[in-house]
1. Are any residues in region 97-136 under 22 Å from VAL157 (Cβ atoms) and touching a His at 6+ places or on another chain (Cβ under 7 Å), and if so, which ones?
2. Name the residues in region 281-297 that are open to solvent by 70 Å² or more (accessible area, probe 1.4 Å) and touching a Leu at 6+ places or on another chain (Cβ under 9 Å), would you?
3. Being in a strand (DSSP E or B), at pLDDT 80 or above and hydroxyl-bearing (Ser, Thr, Tyr) narrows it down to one of SER66, SER88, so name that one.
4. Can you pull out every residue in region 329-370 that is on the phi > 0 side of the Ramachandran plot and not in a loop (DSSP other than H, G, I, E, B)?
5. Which of the residues belonging to region 308-334 are open to solvent by less than 10 Å² (accessible area, probe 1.4 Å) and among the hydrophobic types (A, V, I, L, M, F, W, C)?
6. Starting from region 316-334, keep only residues that are within 17 Å of VAL373 (Cβ to Cβ), then list their pairs with residues that are among the aromatic types (Phe, Trp, Tyr) and open to solvent by 30 Å² or more (accessible area, probe 1.4 Å) whose Cβ atoms are within a distance under 9 Å, requiring at least 6 positions of separation or different chains.
7. Every residue in region 240-265 that is among the aliphatic types (A, V, I, L, M) and open to solvent by less than 20 Å² (accessible area, probe 1.4 Å), please.
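The values are calculated or read from the model by the stated rules, or taken from the named source; none is laboratory data. Computed from a predicted structure; not experimentally measured. Using ideal geometry, Cβ is built from the backbone for each residue, glycine included, and neighbour counts are taken over all protein chains shown. Heads up: the accessible areas ignore ligands, DNA and RNA and are worked out on the full protein's heavy atoms, side chains in. Shrake-Rupley method; radii C 1.70, N 1.55, O 1.52, S 1.80 Å.
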Amino acid sequence: MTGALSLSDDSPGDPPTPLLIPAEPLPLQPLSLGDLTLHLTQLGLTAPDLGSAMSPVLNVLVERTSAVGAGYFQLRDATLTYHARAASGVMPQGAAMDALLAHGLPHHLPLVQALETATGPLFFNDTRLQPQSAGFPDLGVFALTAAPIRNRAGVLVGALLSHVFEAHLWTPYERQTLGTIMGLVALLAARLDAEEREQAAHESALRALGLMLEARDAETQGHTDRVTALAGRLGQRLGLSGPELRDLRWGAYLHDIGKMAIPDVILHHPGALDAEARAQMQLHVQQGAELAGQLSFLPRSAHDVIMAHHECWDGSGYPHGLSGTDIPLPARIFAACDVYDALTSARPYKRAWSHAEAVAHLVTARGSHFDAVVIDALLAVLDEDQAGLGAVGD
């Protein structure tokens, strides 16, 4: 089927078994369409990301229309593919749906091509009868709505879909509901899509700066990405999520930005530094905080990583001699990951330690240099890594 969803792994026969995605409850009192729109707007304007903003909107489609499931797909520029960001209700299940969730709606899909030129929502009472809905019957979807979501410039940035597992004649009320919601989604998408793209641009720029700093500091290749990834996984284990993990990554990228001000003769010294050179080296923390302060978009917790990742749990660190929980958690997380990666990497002045040697050091420094809770969580993450390596080697 030319231009249809990639369904080559799906076998003919009965429709796929639906997958239930619970919907969040709406207010107990029934709302008019106008009041409902106001309620959803208030939720959307306070949502931290596009997926969170779309969830209550999708719930409305499932609860106020005959649709049994709904989803929002967002365009990714690099691939010209629309990827799922939020879903509600009962979704198709099977190899075809797995492929759609993993790879998104391809730009050449007939439905996407139809949305490119659509001026309003599209309604398919029977997807088997219209070429624009090709591929959806193979998902077990026989009635479909599709609303194009455009940015302020009129460019298609997303698609709001809802579906039924049998043919269905969409009523005037259902059409009105979708038309009203479509305007709200366009408003939310215009704001949040732009914000997410800006965040992605910031992330790319900070990572590039981190890699540049890594090269100048003669660090082992890949240190920045390794330690950032490890810190992210440790942060998740310790309960961080969303913006907290983003801030941790951004701080990790820039943790040694102050070394830009350290002379090469000190930065590249092959052995132990004398007291004067060590004091100058330690200044990189405060110099880094000053440089990072010029980035107006950098969150406070990212600054905390830069400023406090050389502090010690027992108060023996620098630059302020903070101790215990006075050291921000992101800095405690990053510090442990940074030391582990530094120990297990070769440097011009040292060999790479084995995993076992590095773990022994972390355990010894648990409760003095490092937060014991952070170390325990890190050891669990590292154990998972070692188990994974063992499985690959088997």
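1. GLY104
2. LEU291
3. Of the residues listed, the single one that is in a strand (DSSP E or B), at pLDDT 80 or above and hydroxyl-bearing (Ser, Thr, Tyr) is SER88.
4. Taking region 329-370 as the starting set, the residues that turn out to be on the phi > 0 side of the Ramachandran plot are 367.
Of everything in region 329-370, nothing turns out to be on the phi > 0 side of the Ramachandran plot and not in a loop (DSSP other than H, G, I, E, B).
5. ALA308, ILE327, ALA331, ILE333, PHE334 - these are the residues of region 308-334 that are open to solvent by less than 10 Å² (accessible area, probe 1.4 Å) and among the hydrophobic types (A, V, I, L, M, F, W, C).
6. SER323/TRP313; GLY324/TRP313; ILE327/TRP313; ARG332/TRP313
7. Here is the first cut: in region 240-265, the ones among the aliphatic types (A, V, I, L, M) are 240, 245, 248, 252, 254, 257, 260-262, 265.
Residues satisfying the conditions are LEU248, ALA252, LEU254, ILE257, ILE262.
For every residue, the table says whether it meets (1) touching a strand residue (DSSP E or B) at 6+ places or on another chain (Cβ under 6 Å); (2) aromatic (Phe, Trp, Tyr); (3) at pLDDT 95 or above.
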| residue | (1), (2), (3) |
| --- | --- |
| THR325 | no, no, yes |
| LEU329 | no, no, yes |
| TYR349 | no, yes, no |
| HIS369 | no, no, yes |
| ALA372 | yes, no, yes |
| LEU379 | no, no, yes |
| VAL392 | no, no, no |
